[in-house]
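Worksheet for the structure shown next.
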């Protein structure tokens with residue numbers, strides 16, 4: 001089977017896809033935005049000029065200037081350092097949340113699409129139930145249930161994405177099950193588990209990768225949304241973009257930059273992942289491009 | 001057609017049933033005892049047992065669930081721990097505000113999204129298309145609260161063009177009759193009140209409508225481009241019909257269908273987005289009620305509201321599906 005010769009055959013597909021991706025202007029822009037976000041997050045302790053948790057009250061709400069590039073917040077803390085450290089939280093929480101969603105969603109989707117029949121029906125009804133709760137509300141409900149904290153937020157956002165991944169994977173698996181190579185493997189006497197894992201899954205993964213990239217954009221926005229609603233990690237020492245916005249909303253009139261910078265940080269990272277996701281989709285399936 | 005409708009309605013029932021089970025367990029598995037929450041620190045074992053008996057918490061789980069379902073079916077969603085008011089009563093006061101906001105956002109999204117999508121589709125990959133693509137990218141990448149505060153800052157704080165907070169100026173003393181701010185303003189008989197209510201709706205509707213706008217625009221564009229490549233469109237052009245006639249009669253008639261489905265799906269994102277929008281703009285709707293209930297640990301309210309939102313979402317999509325099947329006979333028989 002093609003999958004057996006995976007290194008060579010898939011290098012063709014992926015090398016083609018990558019070269020198309022790198023010739024796609026918007027995708028490159030997306031990668032640059034993501035790079036800014038990731039570098040800022042990883043190197044925050046080195047780049048940040050100040051401790052994000054320590055402020056000088058005398059410097060409360062100073063506008064952007066040369067010593068404080070993005071100004072200072074109510075407690076006189078350096079906004080630039082806080083935005084940088086905020087990137088760490090958004091990156092870690094966003095990535096882990098999407099990873100949780102992928103793990104739960106892939107497990108459900110693989111079992112449902114692989115086994116079919118009653119198991120499929122039951123699992124899909126459960127995802128229907130979860131999908132009936134619109135958008136961020138499911139995550140809000142789960143955080144309200146589990147309590148505040150980083151892990152809880154990751155789980156909440158992850159669980160709210162799981163049904164989307166499950167549906168997507170199940171759909172591809174159902175279509176692939178009837179493909180000739182699957183029939184051939186079945187005829188060769190491969191076990192259902194082997195067909196699922198070695199033959200169907202590798203071919204069903206590409207739409208998941210695209211969806212996961214786009215989900216990272218949504219995750220960053222949703223995590224900030226939870227923070228904004230007061231359901232953030234709840235650690236006053238750790239700056240979270242959404243929480244920073246809530247804290248500053250009262251000073252919109254005098255200190256609009258306290259909304260502008262964390263807000264721009266969220267938008268730039270979300271745009272980055274959205275552009276990359278769209279680029280990946282077109283790179284993997286060039287027919288989609290118009 | 002009737003069979004299709006019945007099948008779709010029957011299909012929604014297990015989902016609602018499943019959701020009620022999950023929400024019921026969610027409430028029961030919450031850390032903390034509602035009796036302690038009601039009594040506070042002065043709870044004695046006897047009082048706790050009394051409350052448990054009163055709330056039916058001493059019965060087995062399945063009995064509790066059946067009681068809960070029985071109450072739900074009678075429209076009793078329980079009462080708030082905080083003010084003791086029935087969820088249904090407060091909901092009736094607050095929901096109209098959310099409806100007005102949601103409809104405002106939907107009008108903004110659909111009213112602007114469809115023309116923008118059609119415009120972009122006219123010359124795919126042209127400069128207008130590029131501009132529209134960038135706009136919709138922003139639309140899906142900017143959180144409601146960031147856009148909301150940006151709008152408040154620009155149009156409220158700096159330009160003083162539009163009011164930023166609440167659905168209507170409280171100093172106008174408009175009597176609540178329907179609790180829909182604009183309708184109440186109309187009923188008050190003063191044109192000034194109506195203008196004020198509309199002005200208050202503009203910014204929140206834009207903030208809430210930004211994501212649906214982006215999605216409606218994208219889908220309209222894609223759908224119009226799709227249909228434009230059909231043979232019958234080429235035939236229509238070849239036989240010399242005007243562009244306008246081809247657009248209206250041949251392209252849009254068919255391009256509508258996916259757009260309608262997507263509009264139905266947006267109702268969910270609008271309801272969820274209302275939670276954020278009402279918080280930013282201080283609207284006393286259901287969305288901001290979710291937030292205050294979570295802050296007050298008023299879980300019966302949170303649970304009921306999630307169930308109600310999901311029901312609305314399912315019903316709207318059911319209506320959209322049925323409307324879709326009505327418009328497109330191919331769906332009915334599949």
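The values are calculated or read from the model by the stated rules, or taken from the named source; none is laboratory data. Owing to the predicted nature of the structure, the values given are computational and were not obtained by experimental measurement. So basically every Cβ, Gly included, is an ideal-geometry build from the backbone, and we count neighbours across all protein chains shown.
Here is a list: B:231, B:298. Which entry is surrounded by 20 or more Cβ atoms within 10 Å (Cβ to Cβ) and either modelled with pLDDT under 85 or away from every other protein chain (no Cβ under 14 Å) (or both)?
Values: B:231 fails: surrounded by 20 or more Cβ atoms within 10 Å (Cβ to Cβ).
Sole residue among the options that is surrounded by 20 or more Cβ atoms within 10 Å (Cβ to Cβ) and either modelled with pLDDT under 85 or away from every other protein chain (no Cβ under 14 Å) (or both): B:298.
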| task | Tell me, please, whether a residue that is outside any loop (DSSP other than H, G, I, E, B), within 11 Å of another protein chain (Cβ to nearest Cβ) and out of contact with any helix residue (DSSP H, G or I) (no Cβ under 6 Å at 6 or more places or on another chain) can be found in region A:212-225. | result | yes
| Listed residues B:219, B:225, B:211; which is in a helix (DSSP H, G or I), under 29 Å from the mean Cα position of the chain (by Cα) and over 22 Å from residue B:320 (Cα atoms)? | B:225
| request: Filter region A:112-142 down to residues that are surrounded by fewer than 17 Cβ atoms within 10 Å (Cβ to Cβ), assigned to a helix (DSSP H, G or I) and more than 11 Å from chain B (Cβ to nearest Cβ), then give me how many there are. | output: 4
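Results for (1) at pLDDT 95 or above; (2) part of a helix (DSSP H, G or I); (3) touching a strand residue (DSSP E or B) at 6+ places or on another chain (Cβ under 6 Å); (4) over 23 Å from residue B:225 (Cα atoms), shown as yes or no for each residue.
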| site | (1), (2), (3), (4) |
| --- | --- |
| B:93 | no, yes, no, yes |
| B:131 | no, yes, no, no |
| B:138 | no, yes, no, no |
| B:150 | no, yes, no, yes |
| B:155 | no, yes, no, yes |
| B:162 | no, no, no, yes |
| B:177 | no, no, no, yes |
| request: Kindly indicate which of B:157, B:202, B:146, B:134 is closer than 24 Å to residue B:279 by Cβ, within 14 Å of chain A (Cβ to nearest Cβ) and surrounded by fewer than 24 Cβ atoms within 10 Å (Cβ to Cβ). | output: B:157
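Can you spot a residue in region A:233-247 that is facing another protein chain (nearest Cβ under 7 Å), part of a helix (DSSP H, G or I) and touching a residue at least 60 places away in the same chain (Cβ under 8 Å)?
Step one: of region A:233-247, the residues facing another protein chain (nearest Cβ under 7 Å) are A:245.
Pick out the ones that are also part of a helix (DSSP H, G or I) and you get A:245.
Okay, now just the ones that are also touching a residue at least 60 places away in the same chain (Cβ under 8 Å), so none.
Scanning region A:233-247, I find no residue that is facing another protein chain (nearest Cβ under 7 Å), part of a helix (DSSP H, G or I) and touching a residue at least 60 places away in the same chain (Cβ under 8 Å), so the answer is no.
Quickly run through region B:289-304 and pick out the residues that are touching a residue at least 24 places away in the same chain (Cβ under 8 Å) and in a helix (DSSP H, G or I).
Within region B:289-304, the first condition is being touching a residue at least 24 places away in the same chain (Cβ under 8 Å), and the residues that meet it are B:289, B:293, B:296-301, B:303-304.
Across region B:289-304, the qualifying residues are B:289, B:293, B:299, B:300, B:301, B:303, B:304.
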| task | Could you identify the single residue in B:236, B:272 that is assigned to a helix (DSSP H, G or I), in contact with a helix residue (DSSP H, G or I) (Cβ under 8 Å, 6 or more places away or on another chain) and surrounded by fewer than 23 Cβ atoms within 10 Å (Cβ to Cβ)? | result | B:236
| task | Determine which member of the set A:159, A:153, A:89 is farther than 20 Å from residue B:24 by Cα and either within 14 Å of chain B (Cβ to nearest Cβ) or more than 16 Å from the chain's Cα centre (by Cα) (or both). | result | A:153
| Residue check, residue B:77 touching a helix residue (DSSP H, G or I) at 6+ places or on another chain (Cβ under 9 Å), part of a loop (DSSP other than H, G, I, E, B) and surrounded by 16 or more Cβ atoms within 10 Å (Cβ to Cβ) | yes
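Could you please let me know if residue B:189 is over 17 Å from residue B:101 (Cα atoms), more than 14 Å from chain A (Cβ to nearest Cβ) and either free of Cβ contacts under 8 Å to residues at least 12 places away in the same chain or surrounded by fewer than 22 Cβ atoms within 10 Å (Cβ to Cβ) (or both)? Quick ask: steps written out before the conclusion?
Values: over 17 Å from residue B:101 (Cα atoms): yes; more than 14 Å from chain A (Cβ to nearest Cβ): yes; either free of Cβ contacts under 8 Å to residues at least 12 places away in the same chain or surrounded by fewer than 22 Cβ atoms within 10 Å (Cβ to Cβ) (or both): yes.
Against the criterion (over 17 Å from residue B:101 (Cα atoms), more than 14 Å from chain A (Cβ to nearest Cβ) and either free of Cβ contacts under 8 Å to residues at least 12 places away in the same chain or surrounded by fewer than 22 Cβ atoms within 10 Å (Cβ to Cβ) (or both)), residue B:189 qualifies.
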| request: Could you give me the residue pairs with C-beta distances under 7 Å whose first residue belongs to region A:252-268 and is facing another protein chain (nearest Cβ under 8 Å), whose second residue is surrounded by fewer than 20 Cβ atoms within 10 Å (Cβ to Cβ) and assigned to a loop (DSSP other than H, G, I, E, B) wherever it lies, and which are 6+ apart or on separate chains? | output: A:259/A:252
| said: On the basis of being within 12 Å of chain B (Cβ to nearest Cβ) and surrounded by fewer than 23 Cβ atoms within 10 Å (Cβ to Cβ), does residue A:230 make the cut? | reply: yes
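Within region B:250-271, is there a residue that is touching a residue at least 40 places away in the same chain (Cβ under 8 Å) and on the phi > 0 side of the Ramachandran plot?
Taking region B:250-271 and keeping what is touching a residue at least 40 places away in the same chain (Cβ under 8 Å), we get B:252, B:256-257, B:259-271.
Going one step further and asking which of them are on the phi > 0 side of the Ramachandran plot, we end up with none.
No, because not a single residue in region B:250-271 is touching a residue at least 40 places away in the same chain (Cβ under 8 Å) and on the phi > 0 side of the Ramachandran plot.
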